[in-house]
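The values are calculated or read from the model by the stated rules, or taken from the named source; none is laboratory data. A quick note: this is a predicted structure, and the numbers were derived from the prediction, not measured. FYI the Cβ positions are ideal-geometry reconstructions off the backbone, even for glycines, and counts take in every protein chain you see. Remember, those area values only see protein heavy atoms, side chains included, never the ligands or the DNA or RNA. Shrake-Rupley method; radii C 1.70, N 1.55, O 1.52, S 1.80 Å.
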Amino acid sequence: MFRFDKHSICPKPRIAGLAIALSLLTAASAFAGVVDKKSALGGYDGFVERMGAGTRELGRGNTGSADTSAMPGAYWNPAILGFRQNFNYTLNAERRSLDRMGGSLGLETSVGNRMGIGFAMLYRGDIDFDVINEDDQTLGTATPFFSMMYLGFSYRATRRDAFGISLSLGYDNMDIAEYYEGVELVDGFTSPVALNFGWLRQWNEKWSSSVVIRNISFSRNLSARWTRTPSTDNSVAVTEGVRPKVLQIGLGYRSRVFGKPVYAWMEALDYQIADTLLVFDPQHHVWTGRVGFECEIIPDGTIRIGMDGLDAMFGLGYKFYVRIGKKKYLFDVNYALTYESTAGLFNPLSVGVRGFIP
């Protein structure tokens, strides 16, 4: 999982120092612990999406692309939206170590009998980022944040197959401009729109599979690439961002053990971290895997475990039913505990709510 560390920023005369600080913030989205050649390829501006969305999915290893009930579907796999039958919503929040925080929001609904539409927003930020000058004096704190927004559409071609597409847009805000005198800084940067394609097939009552291709753009090499201009007077060097192309393959299995529903989820991901159309050099790819399991140990109560790479997850969930008039509304509350093994950090505060309005 991504580790968002604090960095010291020198807000005095040297423009080069400012450029280095901005570069560090940009590079902060690299994979945690990767310091070889791969960490220098591309801009790695996809760390927000790599952390995933949804407390329920986080508790089982950050898996969701092959699950028709994963939310928000616009993020996990836009093809999921084709299986929607009601209006669904999800709201998730987390507080991580090192003063990191994040969350996600999802809204989705069916359109007719075969189509679905959904919106998702992911948020990651730091609430106590120290701004330090060259004399090691703390001038204040900044609250940089990074967000991703998705708008997804899906069509269910058959009873078992659905295809989807989502448009994603990123926004970064460094929140450090006020500490630099004499330099007209720009705190916020917006990425270009990228395309994400998904397919999901529910083979039978037990098996499902998915394929998701992320971060395709209309620019050169179909790469989601853009330019950051940190200052309005061009006094700070321009930097570039590249969101890696991703191939994500998922598999789901549903069964019963001792009469209890048991589910298994697996995902394999390939991040192409070079700004090329297609390259087979292994130095230009990062591979990782995710696996998760969940079991309804009591009626409406679920326990989950999972692994995202080398990071371990544990989750709990419980479904509630609220009757209003003649209608009964279902919503469930979920909790997740994450252990980031490469950093030795526990993150015990991840909670989420999901609801369905018939």
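Can you compute the charge dipole magnitude of the chain about its Cα centre, using +1 on each Lys and Arg Cβ and -1 on each Asp and Glu Cβ, nothing else charged? Give it in debye, rounded to the nearest 20.
Values: 37 positive and 36 negative charges, 464 e Å.
Magnitude of the dipole: close to 2240 debye.
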Point-to-point label distance, Gln85-Ala157, nm (Cα→Cβ direction, 7 Å offset): 2.4 nm
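Protein chains only, probe 1.4 Å: how do Leu349, Leu251 rank by accessible area, largest first?
Order by accessible area, largest first: Leu349, Leu251.
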Accessible carbon and sulfur surface of the chain relative to its total accessible area, %, 1.4 Å: 63 percent
Flagged links, alpha-carbon separation over 26 Å, of Lys260/Lys328; Lys206/Lys260; Lys206/Lys327: Lys206/Lys327
Accessible surface ranking that places the most exposed of Met174, Met115 first, with a 1.4 angstrom probe: Met115, Met174
Simple label model, 7 Å out from Cα along Cβ direction - Lys326 to Asn221, nm: 6.1 nm
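How do Arg60, Arg50 stack up against each other in accessible area, from largest to smallest, with a 1.4 angstrom probe?
Working: Arg60 0, Arg50 25 Å².
Final ranking, largest accessible area leading: Arg50, Arg60.
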C-alpha center-to-center spacing [region 70-149, region 222-299] in angstrom: 15 Å
C-alpha long axis of helix 15-27 to longest principal axis of the chain, angle in °: 10 degrees
